[in-house]
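The values are calculated or read from the model by the stated rules, or taken from the named source; none is laboratory data. Worth saying up front: this structure is predicted, and the values here are computed from it rather than measured. For neighbour counting, all protein chains shown are included, and Cβ atoms are generated from backbone atoms with ideal geometry for every residue, glycine included. Please note that ligands, DNA and RNA were not included when accessible areas were found on the heavy atoms of the full protein model with its side chains. Shrake-Rupley method; radii C 1.70, N 1.55, O 1.52, S 1.80 Å.
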Amino acid sequence: MGTNRAVSVNGRSYRWMGAPLAVVCVDGCEYDYITCAVAAGDTPFLERLMARGAAFKADCVVPSFTNPNNMSIVTGVPPSVHGICGNYFFDREAGAEVMMNDPKYLRVGTILAAFAAAGAKVAAVTAKDKLRRLLGKDLRGICFSSEKADQATLQENGIDRVLDLVGMAVPSVYSAELSEFVFAAGVALMEKIRPDLMYLSTTDYVQHKAAPGSPAANAFYRMMDRYLARLDELGITLALTADHGMNDKFGADGQPNVIYLQDVLDGWLGPAAVRVILPITDPYVVHHGALGSFATVHLPSSLEPQPLLERLARLEGVQLVLSGAEACRRFELLPERMGDVVVISDKHVVLGTSRARHDLSGLDAPLRSHGGLSEQTVPLLFSRPTAGIPGRARLRNFDAFDVALNHLEGTR
Ligand SMILES: [Zn+2]
C-alpha cells in the first residue's frame, strides 16, 4: 500500500490514500444535529468517531448554499477560483438570469477527476441530479444521482443497473430516502467495487423541516450512522463535513420572516430600477420557497451605490450590506458573477425578491433555510485523529480532502 505518490490540484497537493477514502457532505448539517443525535444515543458510531477520531468546527463558503460549497469541497479552493458562486446568477454578458449548474461555469478541475486521471478508482454519488454534472466534470469514474439512478448508463455515469446494486427503488426527490439512497449506494459501491476515493453528497430535505434534536432529525442521523458504521467496518478512512448549516427563519406566528427586497427597492427607487438576484434559486424550491439569507442586487450604472448601501444596512433584519467588490474580497467570490451590492440577513430572517414571485404554498413546515453568515459553521469530522494541521488558523469545509489525505495519524 505505502506510496509516496501525490496528486496536485489547483495549487494544493494531496498524498495518495493508504486506505480508501470516503468524503461525505451532509447537506445542511448544522453542527447541533450531530451533537443532539449523539446526546440522544441515536448515533453510536458518530459518538465513537468524535471521541477517537477528530472533530472540528469549520467555516463553509458564503453564500452558504449547496453548489458553491460542494464545488469548493471537491476542488479544494474557494469560488473566486472555481467560479460557482451560487445556484443562480445574472449573466451580465448574456443579459439573462441563468442557472449555474452547467459544468461550463466550473473553471477548474476537481480532486476527484485528478485522482481518477492518476489511476485511482473514483466514485461520486449525489442526491439531486442538479449537482451531478458539476461533480462529474471530466471524471473518468462513477458518478450518478439518487434522483436519476434508474437512468444511469455506463457511457454517461460509468455504471449501470444501479438499482440492482443498491437494492432500493428511486426515492421521491423530496424525501429523506433520497439521501438514504446515497449512503446505501456508498456502502454497496465500497462492498462490491471498492473505490479508492468516494464522494457522497446528500440533500437537505430533512434539515429544511426538522430542527436539531427533533424526532425527524434524530431519525435521519440514526439512519446515517448505520451506513457510516458499515463503511467504517469496511476499513476505509471517513471524512464528514457539510455544505452549510441551517436555521429557523420564522416568527412566533410560524410565518416566515421575509424581507422582500425587490419590493423594498421598487418602493425606494421606482419599479425595476434595480434587479435583485437570489442565488439560492434552483429547480427544487418547494421546501424553501427560494428564500435564503443572501441576496445580490444589480444596479444601473447611473445609480450611486453608497447611499443605497447605507439605507439597506438600516433595514430591520439585515445583518450585513457590502459592495459587490468588497463581498467578493471578503468571501472569495467572483465579481463577474455577483451583483453590485450584497445583502445578508439576520439568523432568523430571509430575503426574497417580490412577494408575488415566491410560491410558499409548498411549505408544509415553518421555514428553515440558509445562505447567510449565520449558517457558516459546519462540522468537519474524521475517523482518525489528526497529526497536526500546521499554519492554519481557520479550517474550511474545503480542507476536507487535505486533512484526510495529508494530516491524519498513521497509515493503514
Ligand atoms: Zn445544501
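Within 16 Å of the ligand (Cβ to nearest atom), in contact (Cβ under 8 Å) with a residue 60 or more places away in the chain and within 25 Å of LEU178 (Cα to Cα): is that true of VAL122 in this structure?
no
Okay, residues lined up against (1) crowded, with 16+ Cβ neighbours inside 10 Å; (2) in a helix (DSSP H, G or I):
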{"site": "LYS130", "(1), (2)": "yes, yes"}
{"site": "ILE159", "(1), (2)": "yes, no"}
{"site": "LEU163", "(1), (2)": "no, yes"}
{"site": "VAL170", "(1), (2)": "yes, no"}
{"site": "LEU178", "(1), (2)": "yes, yes"}
{"site": "PHE181", "(1), (2)": "yes, yes"}
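Please specify each residue of the stretch 87-114 satisfying the condition of being small (Gly, Ala, Ser) and either farther than 22 Å from LEU139 by Cα or outside any loop (DSSP other than H, G, I, E, B) (or both).
Selection gives ALA94, GLY95, ALA96, ALA113, ALA114.
Name the residue, out of GLU375, GLU332, that is out of contact with any Lys or Arg (no Cβ under 6 Å at 6 or more places or on another chain), surrounded by fewer than 21 Cβ atoms within 10 Å (Cβ to Cβ), under 30 Å from HIS407 (Cα atoms) and acidic (Asp, Glu).
Checking each option against the conditions leaves just GLU332.
Here are ARG357, ARG394: which of them is touching an Asp or Glu at 6+ places or on another chain (Cβ under 7 Å) and surrounded by fewer than 24 Cβ atoms within 10 Å (Cβ to Cβ)?
It is ARG394.
Inspect all residues belonging to the stretch 254-275 and state whether any of them is modelled with pLDDT under 95, polar (S, T, N, Q) and open to solvent by 10 Å² or more (accessible area, probe 1.4 Å).
Yes, the conditions are met somewhere in the stretch 254-275.
Here are some conditions: (1) over 17 Å from ARG222 (Cβ atoms); (2) part of a loop (DSSP other than H, G, I, E, B). PHE56 meets all but one. Which one does it not meet?
So PHE56 meets the others, but not (2).
For the stretch 25-47, give me the residue count where each residue is of a type outside the set (Asp, Glu), outside any loop (DSSP other than H, G, I, E, B) and more than 11 Å from the ligand (Cβ to nearest atom).
11
Looking at the stretch 186-196, which of its residues are in contact (Cβ under 8 Å) with a residue 60 or more places away in the chain, farther than 25 Å from GLU409 by Cβ and either open to solvent by 10 Å² or more (accessible area, probe 1.4 Å) or assigned to a strand (DSSP E or B) (or both)?
ILE193
Which one of these does ALA327 not meet: (1) over 21 Å from the mean Cα position of the chain (by Cα); (2) under 30 Å from GLY95 (Cβ atoms); (3) buried (at least 17 other Cβ atoms within 10 Å of the Cβ)?
So the condition that ALA327 fails would be (1).
Can you tell me how many residues within the stretch 48-91 are away from the ligand (no atom under 16 Å from the Cβ) and among the aliphatic types (A, V, I, L, M)?
7
The rows are residues; the columns are (1) of a type in the set (A, V, I, L, M); (2) part of a helix (DSSP H, G or I); (3) under 25 Å from GLY11 (Cα atoms); (4) away from the ligand (no atom under 16 Å from the Cβ).
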| residue | (1), (2), (3), (4) |
| --- | --- |
| LEU351 | yes, no, no, yes |
| ASP359 | no, no, no, yes |
| GLY362 | no, no, no, yes |
| ALA365 | yes, no, no, yes |
| SER374 | no, yes, no, no |
| VAL403 | yes, yes, yes, yes |
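Which one of VAL321, VAL349, VAL343 is modelled with pLDDT of 95 or more, among the aliphatic types (A, V, I, L, M), more than 13 Å from THR296 (Cα to Cα) and surrounded by 19 or more Cβ atoms within 10 Å (Cβ to Cβ)?
VAL349
Quick check: anything in the stretch 327-348 in contact (Cβ under 8 Å) with a residue 40 or more places away in the chain, of a type in the set (Asp, Glu) and part of a helix (DSSP H, G or I)?
yes
Open to solvent by less than 20 Å² (accessible area, probe 1.4 Å) and touching a strand residue (DSSP E or B) at 6+ places or on another chain (Cβ under 8 Å): is that true of LEU381 in this structure?
yes
Conditions: (1) farther than 30 Å from ALA114 by Cβ; (2) outside any helix (DSSP H, G or I). ARG394 meets all but one. Number of the miss?
So the condition that ARG394 fails would be (1).
For ALA242, state whether it is in contact with a Pro (Cβ under 8 Å, 6 or more places away or on another chain), farther than 19 Å from GLY292 by Cβ and small (Gly, Ala, Ser).
no
Between HIS407, HIS370, which is crowded, with 18+ Cβ neighbours inside 10 Å, within 30 Å of LEU200 (Cβ to Cβ), free of Cβ contacts under 8 Å to residues at least 60 places away in the same chain and not acidic (Asp, Glu)?
HIS407
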